Structures are given as structure tokens and as C-alpha cells.
Amino acid sequence: MTGNWSGAPSGMTRRHFMRHLAGASALVLPATSFTRSLHANVDKLRKNHKAAILLWMGGGPSTLDLWDLKPGATTGGPFKPISTTGDVQISEHLPLMAQQMKHLSIVRSMSTREADHDRGRYYMHTGYVPNPSIEHPSYGAVISHELIETRPELQVPPFVSIGGGSEGPGFLGMTYAPFVVGSNGDVRNLKVALPEDRLMQRMQMLKMLETGFASQNRGELANDHAKVLDKTLSLMTSEQMKSFKVDQEPQAARDRYGNTGFGRGCLMARRLVEAGVPFIEVDFGGWDNHAGIFPTLQNQKLPELDMAMSALVEDLAERGLLQDTAVIWMGEFSRTPQINGNAGRDHWARSWSVVVGGAGMKGGIAVGQTNATGTEVVTKPYSSEDLMATVLKSLDIPLETTYTSKNGRPMKIANSGKVIEELFA
């Protein structure tokens, strides 16, 4: 577990919390007699359980070179489009994804307002532009908050971020913060040298201290602190933690996804959906290609993306999971249609693409259109909040839901975004 577990403005970081646990011991996941069997619960957990997987392309991928090619245009670059199993064409360097496009659709008319990395990341994760007076909840926080009650058997965190951090829970509180793990499934600070009985005695003593502290009207932070302790104890003793261990997959399966961080992350995402986790984000950065973009895409980024993403979509479909699992591929923005003097592309948020599918959304179509050079959206433009509303609709989360922020302001879910109706029958 890395980074800020809480993601909350209160300053309750994962490191802060783990210092409290250090008094009990350095922790481990013990093999106990009272753990639940993961496999005995898998069918119960996954039956009709909606979930979402966000494939986050940090840095801003050039969607003009992936999903909306402009062959022959001065802005088009050297890549050629190829046909797919859907009614769309995509880059020639995504041949495996071409076989899976019947399951996914491309929204080619995204037009968003933020072309700065940090602001764009926040906006695309929350549906809100940054505001110094409030922190808004991200996709993972909202979806896990809305779906967690449908899976009481779940013991691992409901919001998992693989390979890197995500945006935090905002005013929803640290219960819905991302649980960050490496792509190899290691969760640091859960290692132990104590016998199980002594470990549990120390944990129970720590719990008594936490409960006593929280009962003295210490406020929300103390209560959240106690909740995290309860969740940590449950986590330590859960067989569901095996979902993080991609090395338990057959070698052939691991080879299909690719021996890369993103490949292992996508494989882990599939395992976590099977375990009942409602939201998983897989981080795949390195798309800020201001120079030498075409060899970087052709030789590095696109082969890795193609192998892992296609294997994930294929597995979800074959296992009957895609019908209840939304898949979202996006970055914080795209890159300029114009190729700069360093043979790269710069930041661009005016006209670009995202890819979505599963959970009842149509596959195999393109929604919206850009002009011949990719510089403008020529159909109805869609925003971050529209995309978020669409994903929430696919998960049967009511768009009338309204939260109340810490300062008492009503906050409409997905910032009152409008559903992209073309994605639904």
C-alpha cells in the first residue's frame, strides 16, 4: 500500500495510520482458521454486481493516433486506420484491440475545458473543475459509496487503485479513499513477524484504545480512524486478499496480458471484479509525448496497451462479467492535432476521444465526430460530467443523487452531467 491511503484533506495519511499500527507490530496477512474462503464466495459476490474499471492514461494520450485517425490530413501523422469487429476503425498498431471493439465504443466528441495536467486529471476524475474551497469525490469514491451496500461479503477495500494513486474521496470521507497497490499485488506494511494469537491480542488492544478515544467526542477524524482500524483488521484476515496475487494465475494467462506493470494491473483488475470490488483503477502513465511521439507510440505504448487491454476485455466478456462491468479508457486530455517542431504533440482538450463499454453500454460504434483535421468537434460535444453521468447510469446509480459537502453545500452527483444517450439501446 503506497501513498496517501486516505486521500482526505484532513491529513490522515496512510503513513500516519500505519505508525499507530506499528505499536502492535509490523503486520502480515496470516493464514487463519477464521478467514472466509474466497472461492466459496465468488459466485455470490459477482452475481449481478455492477463494477467499473478505469484504465487511466496519465499524461494525455494522442487519441488522434489511436481512436480517431485522420489519414491524409496534415495533422494525421503516419499511422493508418484498420477495420475492427465493430463499426469503427482504429490505429493499425492496436490489432488485438481491433478484435474486441464489438464490445467497446469510442466517444469522439469529447470537448473539455482543462489542458493542464493537474487540473485535467481532477476534472476528468470528478466531473468538477478544481475549487480551493472543496474537494470533490472521484469516480472510485462515488461508485464504491453507491455500490458497497450491495456486497456485504466484501472484505477488501471497495476502491482499489493499481500502479499509482488516484484522486481521493473528497467530502465522502476516507472510508472511500483509494487503496493503492503495486501491479505485483504487494501491499506494503502488511507484513508480520508475530504469531497470530499475539498479533490479534495487540490488534484488539489497539482497537479498545481507538474506541475509547473516539467515544470522547473527538470528532469525525477520530471516528474515521477507528473505521480504518476495523477495516485493516478485516483486511489482514481475509482470504479475499488473494485477489491481488496475479502470480496465482496460469502462466498462459499472464502471458496474454503481458509481463508489464499495466498488463499485471489489468489482470489484477479482472480478479478484483471477480472478488466483488466495485471500482478498480489501473494506472498507465507516460503519455505526455511532446517530442518523438510516433516511435514512442509504435514501439512502446501501443503494443503494451494493445496486449493488456484486449486481454482484459476478452476475459470479462468470456466470463460473463462485461455485462455488469463498465470499462472506461481515458486520460486527462489528448494532444494537439498539429505536430510540433520536436515531432511531438502538445496538450489539447478541445476535441478528443474516450473509449467506454460494458454494463449495458453499446459496443462497436463511434459517438460524435471531429472535423477532417481533428481540430474541432462538429457534432454535439460531451464533457467530463456527461461521461461520468453515462457511466453511473450504466451502473444503475440514480443521477438524482445529491450529496452534502462538508460546508453544507448540495452537490449533484456527476455535476448534473447529461447521459450520452447514443451509448444505450
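Please pick out the residue among ILE365, ILE293, ILE339, ILE328 that is aliphatic (A, V, I, L, M), at pLDDT 95 or above and more than 20 Å from GLY60 (Cβ to Cβ). Matching residue, one of ILE365, ILE293, ILE339, ILE328: ILE365. The set of residues in region 239-255 that are in a helix (DSSP H, G or I), farther than 13 Å from MET268 by Cβ and free of Cβ contacts under 8 Å to residues at least 24 places away in the same chain comprises GLN251, ALA252, ASP255. Counting only residues that are among the hydroxyl-bearing types (Ser, Thr, Tyr) and crowded, with 18+ Cβ neighbours inside 10 Å, which one in region 222-259 is modelled with the highest pLDDT? Ranking the qualifying residues of region 222-259, first place goes to TYR257.
Note on region 101-152: residues that are assigned to a strand (DSSP E or B) and without any contact (Cβ under 8 Å) to a residue 40 or more places away in the chain amount to 1. Going by the conditions given, is LYS393 modelled with pLDDT of 95 or more, within 22 Å of ASP87 (Cβ to Cβ), surrounded by fewer than 23 Cβ atoms within 10 Å (Cβ to Cβ) and charged (D, E, K, R)? No, not satisfied. Scanning region 313-323 turns up no residue that is under 15 Å from ASP288 (Cβ atoms) and either of a type in the set (Phe, Trp, Tyr) or buried (at least 24 other Cβ atoms within 10 Å of the Cβ) (or both). Are any residues in region 329-345 in contact (Cβ under 8 Å) with a residue 12 or more places away in the chain and over 19 Å from the mean Cα position of the chain (by Cα), and if so, which ones? ARG335, THR336, PRO337, GLN338, ILE339, ASN340, ASN342, ALA343, GLY344, ARG345 - these are the residues of region 329-345 that are in contact (Cβ under 8 Å) with a residue 12 or more places away in the chain and over 19 Å from the mean Cα position of the chain (by Cα).
Listed by first and then second residue, the pairs with beta-carbon distance under 6 Å, at least 6 apart or on different chains, first residue in region 164-191 and within 20 Å of HIS125 (Cβ to Cβ), second at pLDDT 85 or above and of a type in the set (Asp, Glu), are GLY164/ASP283; SER166/GLU281; GLY170/GLU135. The residues listed here are MET101, MET110, MET124, MET97; of these, the one that is closer than 21 Å to VAL367 by Cβ and under 14 Å from the mean Cα position of the chain (by Cα) is MET124.
Screening ALA326, ALA308, ALA359 for residues that are within 16 Å of the chain's Cα centre (by Cα), closer than 27 Å to THR390 by Cα and without any contact (Cβ under 8 Å) to a residue 60 or more places away in the chain leaves exactly one candidate, ALA308.
Surrounded by fewer than 21 Cβ atoms within 10 Å (Cβ to Cβ) and farther than 15 Å from ARG108 by Cα, is that true of ILE413? Answer is no for this residue.
Condition check ((1) among the charged types (D, E, K, R); (2) at pLDDT below 95; (3) farther than 20 Å from GLU281 by Cβ) across all residues:
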position	(1), (2), (3)
ILE90	no, no, yes
MET101	no, no, yes
LEU104	no, no, no
SER109	no, no, yes
TYR123	no, no, no
ARG151	yes, yes, no
GLN155	no, yes, no
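Among the residues of region 65-87, the ones that are assigned to a strand (DSSP E or B) and over 19 Å from THR375 (Cα atoms) come to 2 in all.
The values are calculated or read from the model by the stated rules, or taken from the named source; none is laboratory data. Because the structure is a prediction, the values reported are computed rather than measured. Note that each Cβ is placed from the backbone with ideal geometry, even for glycine, and that neighbours are counted across all protein chains shown.
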